[in-house]
Structure formats: C-alpha cells, structure tokens
Amino acid sequence: MTRIKPQPGIMNIALYQGGASHVDGVEKVLKLSSNENPLGPSPAAVAAYRDAAGALHRYPSSDHARLRGAIAEVYGLDADRVICGAGSDEIIAFLCQAYAGPGDEVIHTEHGFAMYRISTLAAGATPVEVPERDRATDVDAILAGCTDRTKLVFVANPNNPTGTMIGGNELARLADGLPEGAILVLDGAYAEYVPGYDAGHALIEARENVVMTRTFSKIYGLGALRVGWGYGPREIIDVLNRVRGPFNLSTGALAAAEAAVRDTGYTAKCGAENAKWRAWLASELAQLGVPSDTSSANFVLARFGSQAEAEACDEFLKARGIIVRRVAGYKLPTALRMTVGDPDGCRALVSGVAAFKAQAA
C-alpha cells in the first residue's frame, strides 16, 4: 500500500507554542507571556464588535474596503496597496506561498519570530538562519547569507523576543543590498510602540522590493480576533490577493479593527502607558541584577546568569501565579521575556523577581 506523505518540509515544522495562560493549581494568574495590551482594546472597538452581531447570517466583506480605507487614512497610505489577513501571520504565509518554494531560500535572524521558519517550511522552501549581533539584527550578516536562491528576507523591527531594533539607514542599506528578485519583509507588529517610526513606509515608496506587515493583536488589543495587514508595491499586493481567501476576516473582526485604528487617542494613551512602565520595569529589574537590552516593544527580555537560574525564576513566578515566557526555543536559554503589564502587574512582577533573588541568595 502506498504510504500517504505530506509535502516536503511539513514534518520539519515544530508546532508553535504560544504563551501559557494558566498554572495548575492556581486559580487567578497574571499573564505576562504573550505581549498583550493590559489595557485591552478601545471601547469603540468593543462596541463595533457587539454591533456586528446582528449580521451573523451575512458573509463578510471580501475586499475589506472599509478597513483598508481606515488604515490608509490613519497611516497616510494608498488603500489599494493594503492587504488584510488573519493576523500578520497570514500575510507572512501569503508571502512564502507566493514567492518561495522548493529550491528557494528564505532568510531570518537567529532570534527572529518563529513563524518565519514555519511558513517557509510549509511552502517547501529552505529557511536560512543568520546570526544577530548582541541580540540585534546584523545587516552585514544578512547580506552575507544571501545567495541567488534568496527570495525573502524577514526582519522584525522591533524584534520579538529581544525588543531591539535597527535604524532606517540600516534598513535602506539592507533593501539596496539584496539580490535581484528578493523581497525584504519588515515585520512591524510592535511598530506602534516606537514614536515617529513609519515601519518601512518610506522605504516601500522608494523601492520595489520592500513589504511591511502589521497587526491589530498588540497595541490595538485585538489578539482574539486575528486581524493583520500588509503594505507594499502594487504588483506584490496584487499577487498576495490572488492567494488570499475571499472571506478570511469575519464581519465582527473587520468592524472592531476599523474602530480601533480610528481611535487614535486611545492608541496614543496605550503607547504612553507602555513606555512609562516599560522603563520602570527595566530599571527595577536591573537594580535586582537582571539586565535587559533597551526595548522598543511592549516587553523586556530579562537576562539571567544561567539557564538554570532563568528556569528557576520562571518556576518561582509561576508558583505565585505570574506567567512569563521562556525563550530557549529562540536560542535565548538564559532569558525570560516579560510583557509590560498594567501598574499593578508590573509591581507584582518586580516583587516576584525580588523575592526569587532573595531566597536564592
């Protein structure tokens, strides 16, 4: 009997592990493992989602025109070059499906988001990992890793899980140095946390080989609805729309995302609160002997003296109902990624790390 086999590369995919949300034996937990907005979504987004419930018998918009128009209005973009997906993960998958396949290579950095490798393997292409420099993207290492088989280069800026980012001049140098026919994909999931950062808009307008991806799961607080978007040259967005399913976003998700992106005052409030408490959290942890790189996102990557210490701290915090994220799978075994929570959450986290350090002394 012929054995049924999946496409090459599929069985090399390790199942994605999301941030934990519960601890056995602990009824109430403080979840700081998934970089969620502790303030939640805009009240306007919640109201829009609730109002959409009366039309559940209708298919959603297939062209996402209202949401694309709102995104374009708020960010100063061309609505015809915006594509929406089920989270930015789906846009990443579209790019790999459309532009990479057997014999092609896709570059990501050593501490880059896990979905780059997963989507590459799902498309039958070969993921190529390049080193970072002190947990930050190294443009020279990426360019050295390029070959005539390179089709996509994924760079998260700011990066997850490190929180580090590189400047516009380095991004331009990278875009200009790629092989002909390769696309630079700038993952801007955390771009809204960086004041004045355009997430690659200017690069896209000046070049034909740059695309950016964005999400409503972070600062907009809509992780449960899975809404993301991308922006790029007209020709590339046209290709991606040809592989996009016609009803990939629900009516409620579209309505909530439109309301969220238009509520710029609430978004600014979330960004300001994150910046304030991110700085406080990093400073307090540093005073406890737990350093972190300057983060431009809504989390800090807390570094410990050893893997054993990081894991012991994680277990200690879990016993207190505080959930953070181990990142050994991202080749950072001595670190824990800690989401910036609300004021009470940040204080509880620092108190927990302080108690761990005290009992370990």
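The values are calculated or read from the model by the stated rules, or taken from the named source; none is laboratory data. Keep in mind that this is a model prediction, so the values were computed, not measured. Here the Cβ positions follow ideal geometry from the backbone for every residue, glycine too, while neighbour counts run over all protein chains shown.
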Practice task
Within the stretch 95-112, track down each residue that is crowded, with 24+ Cβ neighbours inside 10 Å, in a helix (DSSP H, G or I) and among the aliphatic types (A, V, I, L, M).
Solution key: Leu95
Fill in the blank from the handout: Per the filter on the stretch 229-254, residues within 15 Å of Ala45 (Cα to Cα) and under 19 Å from the mean Cα position of the chain (by Cα) are Ala253
Exercise for the section: For the stretch 138-170, enumerate the residues that are in a helix (DSSP H, G or I) and in contact with a Gly (Cβ under 7 Å, 6 or more places away or on another chain). Expected result: Leu143
Exercise for the section: Could you check, for the stretch 172-192, whether at least one of its residues is closer than 20 Å to Ala297 by Cβ and surrounded by fewer than 20 Cβ atoms within 10 Å (Cβ to Cβ)? Expected result: no
Exercise for the section: Could you give me the residue pairs with C-beta distances under 6 Å whose first residue belongs to the stretch 286-300 and is at positive phi and in contact (Cβ under 8 Å) with a residue 40 or more places away in the chain, whose second residue is of a type outside the set (D, E, K, R) and surrounded by fewer than 23 Cβ atoms within 10 Å (Cβ to Cβ) wherever it lies, and which are 6+ apart or on separate chains? Expected result: none
Exercise for the section: Just one of (1) in a helix (DSSP H, G or I); (2) closer than 16 Å to Val82 by Cβ trips up Asp314, so point out which. Expected result: (2)
Practice task
Look through Ile92, Ile83, Ile71, Ile118 and report the one residue that is farther than 25 Å from Val327 by Cβ, part of a helix (DSSP H, G or I), in contact with a helix residue (DSSP H, G or I) (Cβ under 9 Å, 6 or more places away or on another chain) and of a type in the set (A, V, I, L, M).
Solution key: Ile71
Handout entry: Odd one out for Tyr49, checked against (1) crowded, with 23+ Cβ neighbours inside 10 Å; (2) at pLDDT below 95; (3) in a helix (DSSP H, G or I)
Key = (2)
Problem - Hey, Pro43 within 15 Å of Gly221 (Cβ to Cβ), buried (at least 18 other Cβ atoms within 10 Å of the Cβ), modelled with pLDDT of 95 or more and in contact with a helix residue (DSSP H, G or I) (Cβ under 9 Å, 6 or more places away or on another chain) or not - result: no
Practice task
Could you tell me whether any residue of the stretch 9-26 is surrounded by 13 or more Cβ atoms within 10 Å (Cβ to Cβ), at pLDDT 95 or above, part of a loop (DSSP other than H, G, I, E, B) and within 26 Å of the chain's Cα centre (by Cα)?
Solution key: no
